[in-house]
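Chemist: Below you'll find the structure I mean.
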């Protein structure tokens, strides 16, 4: 196997882990939506989202990825909000 094939194999393994973690995160986001619906809380909490993004960006070991990590978590937060909207809509 050449270097490119080895890298692709490693990426495939990482992607498998990422999708498992993504699904786990979305399951928890759905529970958050249920709580928010029961307690009449808004879906969007800008302060919380900023905190989550900042905390995760600060976990980076390589600062070169800061902008990409920030974009990654912004995307995850957007997807979480979309899911929460769907969950709350189904609960009504």
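Chemist: Go through segment 27-59 residue by residue and tally those that are in contact with a helix residue (DSSP H, G or I) (Cβ under 6 Å, 6 or more places away or on another chain) and either outside any loop (DSSP other than H, G, I, E, B) or over 16 Å from residue 88 (Cα atoms) (or both).
Modeler: The number of residues fulfilling the criteria is 8.
Chemist: For segment 76-85, indicate whether the set of residues that are at negative phi, loosely packed, with under 10 Cβ neighbours inside 10 Å and out of contact with any strand residue (DSSP E or B) (no Cβ under 6 Å at 6 or more places or on another chain) is non-empty. First the steps, then the outcome.
Modeler: First, the residues of segment 76-85 that are at negative phi: 76-85.
So of that shortlist, the ones also loosely packed, with under 10 Cβ neighbours inside 10 Å come out as none.
No: segment 76-85 contains no residue that is at negative phi, loosely packed, with under 10 Cβ neighbours inside 10 Å and out of contact with any strand residue (DSSP E or B) (no Cβ under 6 Å at 6 or more places or on another chain).
Chemist: Continuing with this model, one more query. Only one of 17, 51 is farther than 20 Å from residue 87 by Cα and exposed (fewer than 11 other Cβ atoms within 10 Å of the Cβ); which? I'd like the intermediate steps shown before the answer.
Modeler: Numbers: 51 fails: exposed (fewer than 11 other Cβ atoms within 10 Å of the Cβ).
Within the list 17, 51, the selection yields 17.
Readers should treat all values here as calculations from the given coordinates under stated rules, not as data from a laboratory. Everything numeric in this text was worked out from a predicted model, so none of it was measured. In this analysis, Cβ positions are derived from the backbone assuming ideal geometry, glycine residues included, and neighbour counts consider all displayed protein chains.
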